[in-house]
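Asks: Before I ask anything, let me first share the structure, which is written out below as structure tokens.
The values are calculated or read from the model by the stated rules, or taken from the named source; none is laboratory data. These numbers come from a predicted model, not from an experiment. Virtual Cβ from ideal backbone geometry, glycine too; neighbours counted across all protein chains shown.
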Amino acid sequence: MNKRKDLNKSIKISLLVAIAVVLMYFDFPIVPIFPWLKIDLSEVPALIGGFAYGPVIGGIIVVLKVILKLLLKGSATFGVGEIANILVGVALVTPAAWLYNRNKSKKSAITGMVVGALVMQLVGIIANIYFLLPAYGIEVDLTKYVFVGLIPFNGIKALIVCIGTFILYKRLSMSIFKVDSRLGDKRNIA
């Protein structure tokens, strides 16, 4: 019986990874002066997986979706964009899932997503200034880039991902993950 539950869980995680990979193909820029900052909704399945199965699984979904897309499509950024995606994705998903899984409630889901969004902002700023922009070879006015590009971009992305997750998780948790409809205690993850 335990092997069946493990298989069921693995299938659900695999589906979340597959959905995330597909969502990565639908990206779009929102800050015209920094066109390389593109939003996609692929963190929604990762955050859903993190809420359902814990922060480690959420982080694994983030990493796997990027690796699979890299294998399927390659990289136009020589891996720099993919590293950025992993860093900010894990920064959003793991703290949010960790806080939610400590005490499963709407309040902890919202608190987790807010904390995850703040961690994502911090990681995004530090990673861009000290690693991503130099690796890309892009020279920009850092103050303008951080305050006009990066903070609004990461804020909008986190907001869209968190709202999408909040709306979808409640619906999915009742039928797919067998979780209480109030974003509450797990009844039976099978």
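Asks: Has segment 35-50 got at least one residue that is at positive phi and in contact (Cβ under 8 Å) with a residue 24 or more places away in the chain? Let's see the steps before the verdict.
Replies: First, pick out the residues of segment 35-50 that are at positive phi: none.
Looking through segment 35-50, none of the residues is at positive phi and in contact (Cβ under 8 Å) with a residue 24 or more places away in the chain.
Asks: State all residues of segment 86-104 that are touching a residue at least 60 places away in the same chain (Cβ under 8 Å) and over 14 Å from T165 (Cα atoms); if no residue qualifies, say none.
Replies: V88, K104
Asks: Condition first: surrounded by 14 or more Cβ atoms within 10 Å (Cβ to Cβ) and part of a helix (DSSP H, G or I). Now tell me which residues in segment 121-141 satisfy that.
Replies: So in segment 121-141, the residues surrounded by 14 or more Cβ atoms within 10 Å (Cβ to Cβ) come out as 121, 123-125, 127-129, 131-133, 135-136, 140.
Matches in segment 121-141: Q121, V123, G124, I125, A127, N128, I129, F131, L132, L133, A135, Y136.
Asks: Enumerate the pairs (first residue in segment 60-79 and among the aromatic types (F, W, Y); second residue anywhere and at pLDDT below 95) with beta-carbon separation below 9 Å, excluding pairs fewer than 6 apart on the same chain, so at least 6 apart or on different chains.
Replies: Listed by first residue and then by second, the contacts come to F78/A135; F78/Y136.
Asks: Also: Any idea which of (1) more than 20 Å from L168 (Cα to Cα); (2) touching a strand residue (DSSP E or B) at 6+ places or on another chain (Cβ under 8 Å) is the one L72 doesn't satisfy?
Replies: If we test L72 against (1) more than 20 Å from L168 (Cα to Cα); (2) touching a strand residue (DSSP E or B) at 6+ places or on another chain (Cβ under 8 Å), just (2) comes out false.
Asks: Right, something else. Among all residue pairs at least 6 apart or on different chains, which show Cβ distances below 9 Å where the first residue, located in segment 157-170, is within 20 Å of N85 (Cβ to Cβ) and the second is of a type in the set (S, T, N, Q)?
Replies: A158/Q121; V161/S42
Asks: Confirm whether Y145 is at pLDDT below 90, buried (at least 16 other Cβ atoms within 10 Å of the Cβ) and either aromatic (F, W, Y) or under 19 Å from I19 (Cα atoms) (or both). Give the derivation first.
Replies: Numbers: at pLDDT below 90: no; buried (at least 16 other Cβ atoms within 10 Å of the Cβ): yes; either aromatic (F, W, Y) or under 19 Å from I19 (Cα atoms) (or both): yes.
Criteria not met by Y145.
Asks: Same structure, new question: Given the condition closer than 24 Å to A127 by Cα, within 14 Å of the chain's Cα centre (by Cα) and part of a helix (DSSP H, G or I), answer yes or no: does some residue in segment 1-19 qualify? Don't jump to the end; show me each part of the working.
Replies: Of segment 1-19, the ones closer than 24 Å to A127 by Cα are none.
So far as segment 1-19 goes, no, none of its residues is closer than 24 Å to A127 by Cα, within 14 Å of the chain's Cα centre (by Cα) and part of a helix (DSSP H, G or I).
Asks: For the structure I just gave you, tell me whether Y130 is out of contact with any Lys or Arg (no Cβ under 8 Å at 6 or more places or on another chain), free of Cβ contacts under 8 Å to residues at least 24 places away in the same chain and of a type in the set (F, W, Y).
Replies: On the way: out of contact with any Lys or Arg (no Cβ under 8 Å at 6 or more places or on another chain): yes; free of Cβ contacts under 8 Å to residues at least 24 places away in the same chain: yes; of a type in the set (F, W, Y): yes.
Yes.
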